[in-house]
Amino acid sequence: MKTIQLNGQALPVANIFCIGRNYHEHIRELDNAVPTEPVVFLKPTSALLAVGEDIVLPAFSNDVHYECELVVYIGRDAHNISAAEALAHVGGYAIGLDLTARDVQSAAKAQGLPWTQAKGFRGAACVSAFVAAAAVDDIQAQAFSLSVNGHTRQQGDSAQMILSVAQQIAYLSAVYGLQAGDLIYTGTPAGVGKMVAGDELHLRWPQQVEATFRVR
Ligand code: MG
């Protein structure tokens with residue numbers, strides 16, 4: 001069973017939801033349209049990769065991208081709740097990587113097919129340890145960054161999200177229902193790019209948590 005770390009405890013993971021196209025500058029860099037409905041996809045729990053494990057690039061892709069994102073851990077079940085009620089259902093927050101086989105995704109998009117292989121391969125959901133929700137004052141005022149081999153590649157600020165964390169939770173709770181143990185990848189800011197074997201990725205959420213992943 002896949003688990004995450006929160007307050008020194010290993011907690012089981014249920015579903016892994018991901019929100020796509022949630023920052024305007026990232027939408028522009030990939031030449032996508034601003035969504036009118038939330039863009040939601042899932043990763044299997046087998047995709048989860050904890051700190052301390054290396055990223056192994058899948059043989060079927062020549063263009064695996066990093067997407068650095070804040071990640072939500074749902075602490076209690078949420079069905080059809082409002083945005084005002086949403087954050088009370090959060091157990092913790094982390095920083096992670098929504099790894100994407102961009103070449104496979106582009107082919108799937110062109111054919112109108114699902115993104116499962118592009119987004120759900122083994123190790124495609126990297127995540128740091130979690131910090132308790134109570135330790136985060138305002139989840140919509142959080143800066144975070146990703147550097148690759150010491151060079152800053154992504155700088156995000158949750159204030160720039162199109163759908164706030166509370167709106168994401170409310171939406172997911174209405175359409176799918178959320179369960180304790182679910183994760184939500186909240187979308188990536190601009191600056192996504194290709195990783196190659198030997199890269200070292202450093203994810204930084206100041207005052208909260210950091211994580212390093214090596215690629216092989
Ligand atoms: Mg993403």
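In table form, for the structure just shown:
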{"read-out": "Residue-wise HN-Hα coupling along segment 197-214, computed from phi with Karplus coefficients 6.51, -1.76, 1.60 (Hz; x: Gly, Pro)", "value": "4, x, 5, 10, 9, 10, 9, 9, 10, x, 6, 10, 7, 10, 8, 10, 10, 9"}
{"read-out": "Translational diffusion of the chain, µm² s⁻¹ [Kirkwood Rh, Cα pairs; Stokes-Einstein; 25 °C; 0.890 mPa s]", "value": "144"}
{"read-out": "Per residue accessible area in Å² of segment 1-131, where ligands, DNA and RNA are left out and the probe is 1.4 Å", "value": "45"}
{"read-out": "Accessible surface of segment 69-216 [probe 1.4 Å, protein heavy atoms]: carbon and sulfur percent", "value": "47"}
{"read-out": "Kirkwood estimate for segment 1-62, i.e. one over the average of 1/r between Cα atoms, Å", "value": "14.6"}
{"read-out": "For the chain: relative contact order, % (alpha-carbon pairs under 8 angstrom, 6 or more apart)", "value": "32"}
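The values are calculated or read from the model by the stated rules, or taken from the named source; none is laboratory data. Owing to the predicted nature of the structure, the values given are computational and were not obtained by experimental measurement. The protein model used for the area step is the full one, side chains on, heavy atoms only, and it has no ligands, DNA or RNA in it. Shrake-Rupley method; radii C 1.70, N 1.55, O 1.52, S 1.80 Å.
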